[in-house]
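The values are calculated or read from the model by the stated rules, or taken from the named source; none is laboratory data. Note that the structure is predicted; figures quoted are calculated from it, not measured. Neighbour counts are summed over all protein chains in view; Cβ atoms, including those assigned to glycine, are modelled from backbone coordinates with ideal geometry.
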Amino acid sequence: MQDQSKPVVAITTQLIEPAMDKLRTTCNLNIIENYSSPQELVEKAQGCEVLIVSLSDAIGEEVIGPLSAPQTSSLKLICNYAVGYNNIDIESATRHGVMVTNTPGVLTEATADIAFTLILSASRRLREGEKMVRDGNFHGWHPTMLLGRELFGSTLGIFGMGRIGSAVARRAAAFGMNIQYHNRKPVKDSPHQWVDFDTLISSSDFIAICAPSTPETRHRFTLDTFNHMKRTAVLVNVGRGEIIREKDLAEALEKGYIFAAGLDVYEFEPEVEPALLERDNVVLLPHLGSATDTTRMAMAQLCIDAITSVYHQGLIPSNCVN
Ligand code: DGY
């Protein structure tokens with residue numbers, strides 16, 4: 001029996017248990033995991049007023065149209081359980097009067113930690129060192145063994161100086177790095193130096209991609225870009241995979257255009273370019289940016305707050321993106 005005072009919410013993935021508990025008390029919850037097509041999602045989510053989705057769900061017109069059609073149901077809100085929302089056709093949602101929310105702010109620090117994890121592990125060759133020890137190939141300290149790149153005194157170039165980029169910059173300052181960044185426009189009141197894209201790639205020792213996926217950022221890093229970077233440079237990506245043309249990165253790493261890379265996101269996620277899997281000088285993580293229990297709970301709370309704003313207070317959620 002549904003509680004008429006609560007909205008019907010369809011969710012495509014299991015969140016951590018305390019979040020599921022909270023959702024169950026706030027909504028009539030319909031869990032739809034592992035659907036095989038947009039049509040199946042539409043069928044199973046029929047009648048929902050809210051859809052909670054993850055970044056792996058591609059939510060386009062074929063889902064939004066039927067679920068928001070007045071004669072069939074009343075989808076009014078899509079909560080994306082992520083800060084990046086390139087998986088959702090925002091234009092379609094807006095056209096159908098469906099609000100879309102994301103989870104800004106709460107995953108900034110966790111994601112910046114992962115950016116730094118990648119910077120440190122790629123530059124200091126953690127993968128190779130770990131493997132050497134586990135394989136029984138560590139036969140004692142040697143002056144030329146696994147030499148990496150030093151952070152102190154180097155220049156970090158941040159591509160995308162938003163919340164996450166700024167949090168990466170704070171960490172970098174503590175490591176004694178000089179910081180420069182590239183955004184479309186200089187960020188007002190930023191203590192760091194804005195540089196044009198060509199300067200960013202040619203003069204940085206480390207580059208951290210912290211930008212969202214947009215038509216402008218897609219494939220911004222190609223073989224030609226890598227060829228203009230320092231041969232000693234380390235590149236990491238915690239933004240979105242499509243910003244890098246992954247095949248080109250594999251080629252650049254193979255040809256020694258750059259020293260190393262670290263990725264948390266992939267162009268065709270969850271697929272990873274096979275040539276990258278072969279390489280020692282790239283650290284590959286399975287999209288762990290926001291993966292701490294504190295952050296994942298805070299992300300869920302933002303979804304619950306959005307539902308409460310819309311259904312109990314009649315307000316537009318503060319994190320509505322359209
Ligand atoms: C997001 O929420 O967009 C992040 O990529 C999660 O790690």
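So the values come out like this:
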| item | result |
| --- | --- |
| Segment 18-63, residues that are over 25 Å from Lys6 (Cα atoms) and touching a Lys or Arg at 6+ places or on another chain (Cβ under 8 Å) | none |
| Verdict on Thr144 being surrounded by 23 or more Cβ atoms within 10 Å (Cβ to Cβ), part of a loop (DSSP other than H, G, I, E, B) and modelled with pLDDT of 95 or more | no |
| Segment 126-145, residues that are more than 28 Å from Asp293 (Cβ to Cβ) and either within 14 Å of the ligand (Cβ to nearest atom) or aliphatic (A, V, I, L, M) (or both) | Met132, Val133, Met145 |
| Residue that is farthest from the chain's Cα centre (by Cα), among those in segment 42-56 that are within 19 Å of Ile304 (Cα to Cα) and within 16 Å of the ligand (Cβ to nearest atom) | Ile52 |
| Helices (runs of 4 or more DSSP H) (entirely within segment 55-136) containing at least 1 residues that are in contact (Cβ under 8 Å) with a residue 40 or more places away in the chain and either surrounded by fewer than 22 Cβ atoms within 10 Å (Cβ to Cβ) or not polar (S, T, N, Q) (or both) | 90-95, 108-123, 126-134 |
| Any hit, segment 298-308, residues being away from the ligand (no atom under 16 Å from the Cβ), closer than 23 Å to Ile119 by Cα, of a type outside the set (Lys, Arg) and not in a strand (DSSP E or B) | no |
| Any pair with Cβ under 6 angstrom, 6 or more apart, that starts in segment 158-186 at a residue that is at positive phi and ends at one that is crowded, with 17+ Cβ neighbours inside 10 Å | Gly160/Cys210; Gly160/Ala211; Gly160/Gly239 |
| Test: residue in segment 238-245 that is of a type in the set (A, V, I, L, M) and touching a helix residue (DSSP H, G or I) at 6+ places or on another chain (Cβ under 8 Å) | yes |
| Among residues of segment 71-125, those that are outside the structural domain of Glu216 (by TED's automatic domain parsing) and away from the ligand (no atom under 16 Å from the Cβ), counted | 17 |
